[in-house]
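*Asks:* Here's a structure for you.
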Amino acid sequence: MAKIIVIAQLKGGVGKSTLATNLAAYLAQNFRVGLIDADLPQGTSSQWAALRDDPNIIVLGCESAAQVAAAAEQLDGQCDVIVMDLPPRSVKFLREAMAISDLLLLPLTASAPDIWATESVMELVKECKKTNSRLTTRLVWNRLRATRATADFLDGTAKALRAKELSSHLSLRTAYVECIGRGLYVEEWHDPRAKAECRVLLKQVMKQIKLKEPDFSAG
Ligand SMILES: Nc1ncnc2c1ncn2[C@@H]1O[C@H](COP(=O)(O)OP(=O)(O)OP(=O)(O)O)[C@@H](O)[C@H]1O
Ligand SMILES: [Mg+2]
């Protein structure tokens, strides 16, 4: 059975596709990856994948929430890991995806609207866990600035949301913007700090889904 990672939020523009594309490319170094782009017609992940043309990434579009399970099933035999990039503002998609996933990653920035959206997601997670006990959920802080105000904002926030967070995060960096438009991922971009934070994040994700952690010692 392929491990399924769903990347979702009820709010737009929080970094779902940035996280999905980078994770897919990292995972494709060692695994066969299925990338489900459920955010059509926007199709950020599919556009990125078309530019990238990676033989280890099979892309599948998914136009409605009712097709989520079938899309994952279609990829299951061909892939080790499935990464799903969901549309914002869709409770239906979120429910369908959570029902079949091993790991839900919730990107969010240090801002009140993102916290409010995450509160709603956590309510849905609670409900979903009654039927899918496999599901693990982790917040992924994105676009963080290294400021005192940001640190203060983050302090105790995950706990207040009754959520767990990955201890690594993504900072605000142009590398992420530049990579996605070129079909690249941060490992291929000249920003060592972006690479370093993504490597740590990837290791934490791999641990959550119990897949062998990558060895970056050679690079
Ligand atoms: N860590 C980051 N640093 C700088 N820019 C970022 C970062 N993460 C995402 N971005 C930029 O923010 C914008 C929104 O990111 P992205 O498309 O990944 O969000 P999304 O949640 O998938 O949005 P949507 O809800 O529209 O699908 C993009 O322009 C992206 O390049
Ligand atoms: Mg997106």
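*Asks:* Between VAL177 and LYS203, what's the calculated FRET efficiency when r is the beta-carbon distance and R0 is 35 Å? Round to 0.05. Mind showing how you got there, number by number?
*Replies:* Numbers: r = 24 Å, r/R0 = 0.68.
My answer for the efficiency is 0.90.
*Asks:* Let me ask something else. Please work out the average accessible area per residue across the chain, using the 1.4 Å probe convention, and give it in Å². Could the numbers behind the result be given before it?
*Replies:* Numbers: 10610 Å² over 219 residues.
Heavy-atom accessible area per residue stands at 48 Å².
*Asks:* How long is the gain from GLU213 to HIS190 if the chain were fully straight, where each residue apart is worth 0.36 nm and the alpha carbon distance is subtracted?
*Replies:* Details: separation 23, 0.36 × 23 = 8.28 nm, distance 2.31 nm.
So the chain would gain 6.0 nm between GLU213 and HIS190.
*Asks:* Rounded, prolate or oblate: which fits the stretch 3-208 when a ≥ b ≥ c are the square roots of the eigenvalues of the alpha-carbon gyration tensor, with rounded for a/c under 1.5 and prolate only if a/b beats b/c? The partial results should precede the final answer.
*Replies:* Working: a/c = 1.62, a/b = 1.08, b/c = 1.50.
Since a/c reaches 1.5 but b/c is at least a/b, the shape of the stretch 3-208 is classed as oblate.
*Asks:* Tell me, what ³J(HN,Hα) does each residue in the stretch 151-163 have, in order and in whole Hz, if you take phi through Karplus 6.51 cos²θ - 1.76 cosθ + 1.60 with θ = phi - 60° and put x for Gly and Pro?
*Replies:* 4, 5, 4, 6, 4, x, 5, 4, 4, 4, 7, 6, 10
*Asks:* Pull up all non-local amide H partners of LEU60: gap of 5 or more, or a different chain, and H-to-H distance under 5 Å with H placed in the peptide plane.
*Replies:* LEU35, ILE36, ASP37
*Asks:* For a 19 Å ceiling on Cα separation, which of these pairs sit above it: LYS92/LYS130; LYS92/LYS210; LYS159/LYS203; LYS3/LYS210; LYS16/LYS92; LYS129/LYS203? Mind dumping the intermediate values first?
*Replies:* Numbers: LYS92/LYS130 17 Å; LYS92/LYS210 28 Å; LYS159/LYS203 23 Å; LYS3/LYS210 9 Å; LYS16/LYS92 17 Å; LYS129/LYS203 24 Å.
Correct reply: LYS92/LYS210; LYS159/LYS203; LYS129/LYS203.
*Asks:* Provide the per-residue ³J(HN,Hα) series for the stretch 126-142, in order, calculated from phi with Karplus coefficients 6.51, -1.76, 1.60 and θ = phi - 60°, each as a whole number of Hz, with x at glycine and proline positions.
*Replies:* 4, 5, 5, 5, 5, 10, 10, 6, 6, 5, 10, 10, 9, 6, 10, 5, 10
*Asks:* May I ask you to evaluate 6.51 cos²θ - 1.76 cosθ + 1.60, the Karplus curve with θ = phi - 60°, for each residue of the stretch 60-75 and list the ³J(HN,Hα) values in order in whole Hz, giving x for glycine and proline?
*Replies:* 3J(HN,Hα) across the stretch 60-75, in whole Hz: 9, x, 9, 8, 9, 4, 5, 8, 4, 5, 5, 5, 5, 4, 4, 8.
*Asks:* Could you pull out every residue, at least 5 positions away or on a different chain, whose amide H is within less than 5 Å of the one on ILE82? Hs are placed 1.01 Å off N in the peptide plane, and Pro or chain starts have none.
*Replies:* The answer is LYS3, ILE4, ILE5, GLY34.
*Asks:* Let me ask something else. Over the chain, what percent of the accessible surface lies on carbon and sulfur atoms, probe 1.4 Å?
*Replies:* Working: 5400 of 10610 Å².
Summing carbon and sulfur atoms, their accessible area is 51 percent of the total for the chain.
*Asks:* Starting from 0.36 nm per residue, how many nanometres of slack lie between GLU73 and ALA112 once their C-alpha separation is accounted for? Each step should come with its number before you reach the end.
*Replies:* Values: separation 39, 0.36 × 39 = 14.04 nm, distance 3.65 nm.
That pair, GLU73 and ALA112, stretches by 10.4 nm at full extension.
*Asks:* Using the Kirkwood radius over Cα pairs, work out the Stokes-Einstein diffusion coefficient for the stretch 128-174 at 37 °C and 0.692 mPa s, in µm²/s as a whole number. Present the calculation step by step, with values, prior to reporting the outcome.
*Replies:* Values: Rh = 12.3 Å.
Approximately 268 µm²/s, per Stokes-Einstein.
The values are calculated or read from the model by the stated rules, or taken from the named source; none is laboratory data. Being a predicted model, the structure only gives us computed values, none of them experimental. Reconstructed Cβ throughout: ideal geometry from the backbone, glycine too, with neighbour counts over all protein chains shown. Accessible surface areas use protein heavy atoms only, side chains included; no ligands, DNA or RNA. Shrake-Rupley method; radii C 1.70, N 1.55, O 1.52, S 1.80 Å.
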